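Participant: Okay, here's the structure, questions in a sec.
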Amino acid sequence: MEYRYGSHTVYKIQYHFVFVTKYRYQVLKGDVGLKARELIRQTCQAFEIEILKGVVSKEHVHLFV
């Protein structure tokens, strides 16, 4: 990942997000998981966010951006 530059700043920010379903219900499998993955990719592209690593499990999503 490259450094980003502002008018008076230089920064490199990385975040680790974990999204969990309510009561850890295992609903992110099959087509729902694929759709969630595609929506996350589209959203990150729209905001020019680089996904470094990501995993969609049955009851949670790990995203390192």
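Participant: Scan the range 36-47 and give yes if some residue there is in contact with a Cys (Cβ under 6 Å, 6 or more places away or on another chain) and in a loop (DSSP other than H, G, I, E, B), otherwise no.
Facilitator: No, the range 36-47 has no match at all.
Participant: Are any residues in the range 29-65 among the charged types (D, E, K, R) and without any contact (Cβ under 8 Å) to a residue 24 or more places away in the chain, and if so, which ones?
Facilitator: D31, K35, R37, E38, R41, E48, K53
Participant: Looking only at the range 1-59, count how many residues are acidic (D, E) and surrounded by 10 or more Cβ atoms within 10 Å (Cβ to Cβ).
Facilitator: 3
All of the numbers you see were taken from the coordinates with simple rules; none came from a lab. Just so it is clear, the model here is predicted, and its values are computed rather than measured. FYI the Cβ positions are ideal-geometry reconstructions off the backbone, even for glycines, and counts take in every protein chain you see.
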